[in-house]
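Worksheet: the structure to be examined is printed underneath.
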Amino acid sequence: VKAFGPTPAERRAAERRRKDALKSGLARAESLVEEHHVLRALEVYRQLDAQYPEERAVLAGLSRIAAQTKWYGEALKAAERWVAIDASPDARLHLARTLRRVGKVEESISTLRQVLATDPSQREARELLRRYGGDHVAMRP
């Protein structure tokens, strides 16, 4: 008679299978990108997002490829979800670029200022801020 739910060994095996499937899916998507099949890669990222909605690498790839294929609304939603679970400079810089692409310049500038408030030495944020018109902050050392 089996106890309630899977055993610890079964849970570990299921988690390994999940991670392997994620890794395989990400590799497939990136392979498609390298082969210049970006629309197919976008579809793979969408499928991965349905299975792994809080996975940083999926959200980063989905947002990046959605922007590249000019699905800017989808790119923005994925970027916002990415930043919600990962406040890294990479995630926030990508969000700032995506906000700018959809015409939300003030929100983009605000995001860049947040990056610089956390890390004043962040050169890329400083350069983007200068380009986006918020350079009075960007000129500080």
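Throughout, read-outs are computed from the coordinates displayed, never taken from laboratory work. Nothing here was measured: the structure is a model prediction, and the numbers come from that model. No Cβ is skipped: glycine too gets one built from the backbone with ideal geometry, and neighbour counts run over all protein chains shown.
Table for the structure above
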read-out: Cα-based convex hull, region 27-88, per residue volume (Å³, whole number); value: 71
read-out: Proximal aspartates and glutamates relative to Lys19, as straight alpha-carbon distance under 15 Å, when same-chain residues fewer than 8 apart are discounted; value: Glu10, Asp49, Glu54, Glu55
read-out: Cut-off under 5 Å, modelled amide H: who pairs with Gln122 long-range; value: none
read-out: Reach of Lys70 by Cα under 16 Å, taken over aspartates and glutamates that are not fewer than 8 positions away in the same chain; value: Glu43
read-out: Inter-label distance, nm, simple model (7 Å from Cα along the C-beta direction), Arg123/Val102; value: 3.1
read-out: Pairs of alpha carbons in region 1-135 whose separation is greater than 17 Å (percent); value: 63
read-out: Computed lengthening from Arg11 to Glu34, 0.36 nm per intervening residue step minus Cα-Cα distance; value: 4.8 nm
read-out: Net dipole in debye of region 1-125 [+1 Lys, Arg Cβ; -1 Asp, Glu Cβ; about Cα centre; nearest 20]; value: 240
read-out: Amide N of region 41-58 lying under 18 Å from the label point, which is placed 7 angstrom from the Cα of Lys19 along Cα→Cβ; value: 52-58
read-out: The chain, helix-only ellipticity at 222 nm - DSSP H runs n ≥ 4, -39,500 (n - 2.57), divided by all residues, nearest 500; value: -25000 deg cm²/dmol
read-out: Dipole of the chain, positive direction: furthest Cα of Ala21, Tyr45, Tyr72, with charges on the beta-carbon; value: Ala21
read-out: Ala84-Ala50 FRET efficiency (beta carbon distance; Förster radius 22 Å; 0.05 resolution); value: 0.80
read-out: Relative packing of 63-74, 9-20, which averages over residues the other C-beta atoms within 10 Å, highest first; value: 63-74, 9-20
